[in-house]
1. State the percentage of accessible surface on the chain attributable to carbon and sulfur atoms; use a 1.4 Å probe and exclude ligands, DNA and RNA.
2. I'd like the orientation of helix 66-88 relative to the chain: the angle between its Cα long axis and the longest Cα principal axis, in ° from 0 to 90, rounded to 10.
3. Can you put 91, 117, 125 in order of accessible area, largest first, using a 1.4 Å probe?
4. Just the accessible area per residue of region 14-127, please: how many Å² with a 1.4 Å probe?
5. Once every Cα of region 1-120 carries one equal point scatterer and solvent is ignored, give the base-10 log of I(q)/I(0) from the Debye formula at q = 0.12 Å⁻¹, two decimals.
6. Loop-only chymotrypsin sites (Phe, Trp or Tyr not before Pro) in region 1-90, please: DSSP not H, G, I, E or B, and at most 11 other Cβ atoms within 10 Å.
7. In nm, to one decimal, how far is the modelled label at residue 105 from the one at residue 63, with both set 7 Å along Cα→Cβ?
8. Expressed as an acute angle from 0 to 90° and rounded to the nearest 10, what is the orientation of the C-alpha long axis of helix 108-117 relative to the principal long axis of the chain?
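The values are calculated or read from the model by the stated rules, or taken from the named source; none is laboratory data. Fair warning: this is a prediction, and the values are worked out from it, not measured in the lab. All Cβ positions, even for glycine, are placed from backbone atoms using ideal geometry, and neighbour counts span all protein chains on display. In case anyone asks, the SASA skips ligands and DNA or RNA and just uses the protein heavy atoms, side chains included. Shrake-Rupley method; radii C 1.70, N 1.55, O 1.52, S 1.80 Å.
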Amino acid sequence: MKLTLQLAAIYNVLWGAWVVLFPDMFWELVGMEPLNQPMVWQGMGMVIGVYGLGYWWASYDPMRHWPIVAVGMLGKIFGPLGFVFNYAQGKVPFEFIYTLITNDFIWWIPFFLILKKVHTEYKWKLT
């Protein structure tokens with residue numbers, strides 16, 4: 001659990017910094033038109049980077065700090081659902097899915113296993 005959360009932390013901080021510092025690069029890499037308002041994308045990068053700090057702190061006692069993992073897992077579920085909803089309405093091109101692979105999909109199983117352990121061994125205690 002500790003290693004998973006620390007890897008997630010490092011990834012999120014690096015991805016967030018990349019998006020904040022180079023807001024057009026992702027769009028260029030996937031062949032999409034950059035946003036008219038890069039500040040929106042940079043704001044997303046800031047939020048993802050802050051998640052990284054939370055994961056790092058949670059890594060020291062994942063059972064006790066499970067709410068941080070749970071909030072992260074919710075983001076990793078709702079982000080892709082938002083993509084599907086917007087893609088179905090033609091508001092976002094399919095190429096946007098590339099960001100979901102590393103930001104969301106690869107973390108589903110490890111985060112699920114942490115939360116499963118919280119459920120079975122810790123009973124969702126908050127203290």
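1. Values: 5600 of 7810 Å².
Of the solvent-accessible surface of the chain, carbon and sulfur hold 72 percent.
2. 30 degrees
3. Result, largest first: 91, 125, 117.
4. Details: 7140 Å² over 114 residues.
Dividing the accessible area of region 14-127 by its residue count gives 63 Å².
5. -0.46
6. Filter output for region 1-90: 60.
7. 3.4 nm
8. 20 degrees
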